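**Q** First the structure, which I've put down as structure tokens, then a few questions once you've had a look.
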Amino acid sequence: MRAIGDPGAVPALIDGLERCGRCSDYGLGEPKTELDVFYRQCQMDPNSDHLGLGRPVREISIALERLAGHTEGQDHFDFYTADGERMGSGTVTPETIDRHRQRLRAVARLWRQWWQGHQGTAQPAKGADAQTPAMPVGPLPQKRDRGVLAGPTAEGARVTLAIVPNVGDQGPMPRLTSGEYQRYVDNLTREAPWAGDMRGDSFQWSPVQGDANRFRDLPLATYQDRTYLLLCARSDYVMMPEVEGRWIWGLKKVLATQDTQGHWAIRVQFDSSGADLLTRLSQANVGNHVAICIDGHVQCASTLAAPLAREVVIRGDYTERQANALAEDLRKGGR
């Protein structure tokens with residue numbers, strides 16, 4: 001109905017806008033199938049080199065404006081911080097997506113109210129009134145399998161910590177029932193690791209680095225021959241250096257070191273802000289497993305027997321050369 005310019009499509013488009021999970025002004029990539037090509041030809045600006053598929057918020061909103069000859073603005077194309085600032089680049093968290101969905105519902109209500117009063121007189125926009133908004137400036141994001149813990153690409157590497165959920169009837173919060181955990185496994189198998197990040201799921205999959213047997217008692221699943229660990233993504237259970245474009249903490253010291261058995265590891269000391277967050281996270285989760293990730297890849301996961309003060313030790317199957325290289329990358333990315 002949108003394609004033939006019928007304003008009767010407006011109510012359905014408003015409903016669709018309200019149900020959108022998140023905005024994506026870049027889309028999911030270049031068309032590869034005949035169906036992809038058809039979709040691209042039907043988009044509002046099919047000739048732009050940067051327009052990929054899967055941009056429902058943008059497409060629905062522009063369709064509404066053209067069919068109704070009216071606008072409720074386009075601020076809802078973007079993500080916003082908790083302070084109401086438009087995000088340029090930065091880590092999009094489940095909380096970010098929650099706010100975005102609330103904004104979409106509010107815009108849909110405005111559209112619905114306007115349509116109730118004007119559906120008999122609305123005229124499709126023509127000419128200059130049917131402008132397509134400019135695409136955002138910046139590099140196109142790459143597909144990734146690392147979830148929210150990876151964050152945006154930057155120089156060096158980033159360390160993040162996340163609590164591992166307990167599965168079943170035992171253990172402290174955060175906890176999933178067996179059925180809830182199985183739904184996450186089914187979603188991973190049916191979709192892809194990054195789908196939960198796109199939806200803003202409270203628990204998300206991150207790939208395991210090295211021997212997956214080290215994590216065999218934790219909530220694991222496989223996708224395309226790779227093993228993933230399910231981690232908490234909500235702010236109460238995650239420690240990330242950057243959120244929504246704002247740097248919260250940094251690293252004071254990073255050293256490659258050997259343990260008493262001669263295994264190579266990386267000792268990370270946080271600055272004062274990071275140390276405070278580390279203490280709060282570990283105090284609230286004694287008895288839970290905490291995973292330590294580098295650029296979203298799980299390096300190790302151990303039980304929090306007691307609160308941590310200022311530093312963590314990242315253990316993995318590292319050679320001396322690998323440990324020193326990772327330590328240097330963390331120094332560069334640790335601000």
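**Q** Hey, could you check segment 64-99 for residues that are of a type in the set (D, E, K, R) and touching a Pro at 6+ places or on another chain (Cβ under 8 Å) and say which is modelled with the highest pLDDT?
**A** So the residue we want is Arg66.
**Q** Evaluate the following for Gly52: is it at pLDDT below 85, buried (at least 18 other Cβ atoms within 10 Å of the Cβ), over 25 Å from Arg109 (Cβ atoms) and in contact with a Ser or Thr (Cβ under 9 Å, 6 or more places away or on another chain)? Write out each step before concluding.
**A** Details: at pLDDT below 85: yes; buried (at least 18 other Cβ atoms within 10 Å of the Cβ): yes; over 25 Å from Arg109 (Cβ atoms): yes; in contact with a Ser or Thr (Cβ under 9 Å, 6 or more places away or on another chain): yes.
Yes; evaluated as a whole, the condition is true for this residue.
**Q** How many of the residues in segment 237-296 are closer than 13 Å to Leu308 by Cα and aromatic (Phe, Trp, Tyr)?
**A** Counting residues in segment 237-296 that are closer than 13 Å to Leu308 by Cα and aromatic (Phe, Trp, Tyr) gives 1.
**Q** Specify the residue that is nearest to the chain's Cα centre (by Cα); the eligible residues are those in segment 148-176 that are modelled with pLDDT of 80 or more, closer than 19 Å to Pro207 by Cβ and not hydrophobic (A, V, I, L, M, F, W, C).
**A** Thr160
**Q** Is it true that some residue in segment 107-125 is touching a residue at least 12 places away in the same chain (Cβ under 8 Å), loosely packed, with under 13 Cβ neighbours inside 10 Å and in a loop (DSSP other than H, G, I, E, B)?
**A** Scanning segment 107-125 turns up at least one residue that is touching a residue at least 12 places away in the same chain (Cβ under 8 Å), loosely packed, with under 13 Cβ neighbours inside 10 Å and in a loop (DSSP other than H, G, I, E, B).
**Q** Condition check: more than 20 Å from the chain's Cα centre (by Cα), assigned by TED's automatic domain parsing to the domain that holds Arg183 and either surrounded by 20 or more Cβ atoms within 10 Å (Cβ to Cβ) or closer than 22 Å to Gly168 by Cα (or both). Does Asp225 satisfy that?
**A** no
**Q** Select from segment 296-323 the residues that are out of contact with any Lys or Arg (no Cβ under 6 Å at 6 or more places or on another chain), surrounded by 16 or more Cβ atoms within 10 Å (Cβ to Cβ) and closer than 21 Å to Thr227 by Cα and list them in ascending order.
**A** His297, Val298, Gln299, Ala301, Ile314, Arg315, Gly316, Tyr318
The values are calculated or read from the model by the stated rules, or taken from the named source; none is laboratory data. All of these numbers come straight from a predicted model, not from anything done at the bench. All Cβ positions, even for glycine, are placed from backbone atoms using ideal geometry, and neighbour counts span all protein chains on display.
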